[in-house]
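Read-outs: derived from the displayed coordinates by stated rules, not from any lab. Since we're looking at a predicted model, the values are computed, not measured. Virtual Cβ from ideal backbone geometry, glycine too; neighbours counted across all protein chains shown.
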Amino acid sequence: MSCVRIKRALTILMILCALVAGVSAPATGASGFQVQAWLYPGPSGSATCSAKSEYADGRARQGVLKAEYYTIDRTGTAVRLSSSNPDYACNGYSRSNAEHLKANSSEQYVTVSLSGIAAERALTGDTAKVEAAVQTLTRFTADIGFTGVDIDFENYWDWTGDDAGNFYDFLSALADALHDSGLKLQVEGPPDLETEFNYGTALAVGADEVVMMAYDAQYHSPAGGPCLGFAPYDWMEYLVSGALAQIPASRRGRFVAGLPSEAYISGTDCENVRGNLTLRDVRAAPGFSSDPKVIESRRDPASGEIRWTSGGRFYDYVDQKALDSKLALVRGLGVTKVSVWALGGGNPWFSASALH
């Protein structure tokens, strides 16, 4: 998941239902089930800085960690996000950070982000740029001993003309190079079944795994409210089921459901959403309560998330119980792999009972 959260231009199917939905557990549960997690870079003192100590508790020892070590700039060039840059002091690339990730997980991916359609077109529309990026990313991933590359280009709603075809051609070229080096490719897709992104197609052109980011419905709340949660249950079920239907049955074990562990703030009219916040951020918000009775009184039956209003602002966050319930939902659909956005800021992790 990119540290730049793109305001998504999809039409959300509004399906709300009356459904009610502590100790962190490692990333293994029932046989064949896997947990993955993203972490992203930020400056010293930011909430993301605690990601390192969070995954060091063993939660991903048998799972997967994905670190955003590269981005694509507006010229279509792959640029490393190194910890020597103050903007990426926490979780940016350094040899020691990479080794720490490997010591605390069974697989690791280099997440590659970009900030908009212009950067994507500069890359995928230029054969020379594609060749250069493929070479850079493959060599880097092999050099640091990671499992593969995680592509996080979130411009599906802006594709026109040749954009989709160019994207798949890029994936194919990258997959070929990675596979030749014994590496893997993971590709992130949208919480939308109406774009030109297709989960089955991404696998067919060479991806080893595809991830549906099954969250961020809040950006598409109806004008004036009610404000939607990150991932209402019926919305998640509709999307995950639809994504699985795009994939041949023999390949559905390569599908990963992205789940949110984060917070957001907006106006009470659901406008001006400020997303990608952490539990640490929301603990400092007016009206926050750690009283179990208050928490349950604020739990949204449609998403399991905790929400309240204070001082003209609306607050929403995913606690452990909500995260557990989202996990149960996708497992009930046959999903065997999930990926959590995001580590850092004390964001909740699954309970041991939910994983087992």
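Using only alpha carbon positions, build the gyration tensor of the range 61-107, then give the equivalent ellipsoid semi-axes as the square roots of 5 times its eigenvalues, largest first, whole angstrom.
Details: eigenvalues 102, 34, 10 Å².
Semi-axis lengths for the range 61-107 are 23, 13, 7 Å.
Where does the range 309-356 land on Rg/Rh, using Cα atoms and the Kirkwood Rh?
The Rg/Rh ratio comes out at 1.07.
Can you give me the pair-distance distribution of the range 27-177, C-alpha pairs, 5 Å bins, whole percents?
Pair shares across the bins are 2, 9, 18, 20, 18, 14, 11, 6, 1, 0.
Along the Cα→Cβ direction, 7 angstrom out, place labels at ASN272 and LYS102. What is the inter-label distance in nm?
4.7 nm
Stokes-Einstein D for the range 192-344 at 4 °C, 1.567 mPa s, Kirkwood Rh over Cα pairs, in µm²/s?
Using the Kirkwood radius from Cα pairs, D works out to 80 µm²/s.
State the antiparallel share, in %, of DSSP beta bridges confined to the chain, rounding to the nearest 5.
35 percent
Among HIS100, HIS356, which comes first, then next, by fewest other beta-carbon atoms within 10 Å?
Working: HIS100 16, HIS356 11.
Going from sparsest to densest Cβ surroundings: HIS356, HIS100.
For a Förster distance of 56 Å, can you work out the FRET efficiency between the beta-carbons of ALA132 and ASP291, rounded to the nearest 0.05?
0.50
Placing +1 at every Lys and Arg Cβ and -1 at every Asp and Glu Cβ, with all other atoms neutral, what dipole size does the range 213-314 have around its Cα centre, in debye to the nearest 20?
Dipole of the range 213-314, to the nearest 20 debye: 300 debye.
In whole percent, what relative contact order does the range 34-355 give with Cα contacts below 8 Å and a gap of six or more residues?
Relative contact order, the range 34-355: 17 percent.
Tell me, what does the Kirkwood hydrodynamic radius of the chain come to in angstroms if you use every pair of distinct C-alpha atoms?
Kirkwood hydrodynamic radius for the chain: 20.4 Å.
Output the relative contact order of the range 68-183, whole-number percent, from Cα pairs under 8 angstrom with separation of 6+ residues.
28 percent
List every residue whose amide H lies under 5 Å from the amide H of LYS184, counting only residues 5 or more places away in sequence or on a different chain, with H placed 1.01 Å from N in the peptide plane.
When sequence neighbours closer than 5 places are left aside, the close amide H contacts are GLY148, VAL149.
May I ask which of LYS102/LYS337; LYS129/LYS337; LYS102/LYS293; LYS52/LYS184; LYS293/LYS337 have a Cα-Cα span longer than 30 Å here?
Among LYS102/LYS337; LYS129/LYS337; LYS102/LYS293; LYS52/LYS184; LYS293/LYS337, the Cα-Cα distance tops 30 Å for LYS129/LYS337; LYS102/LYS293; LYS293/LYS337.
Which value, in debye to the nearest 20, describes the size of the charge dipole of the chain about its Cα centre when Lys and Arg Cβ atoms bear +1, Asp and Glu Cβ atoms bear -1, and nothing else is charged?
980 debye
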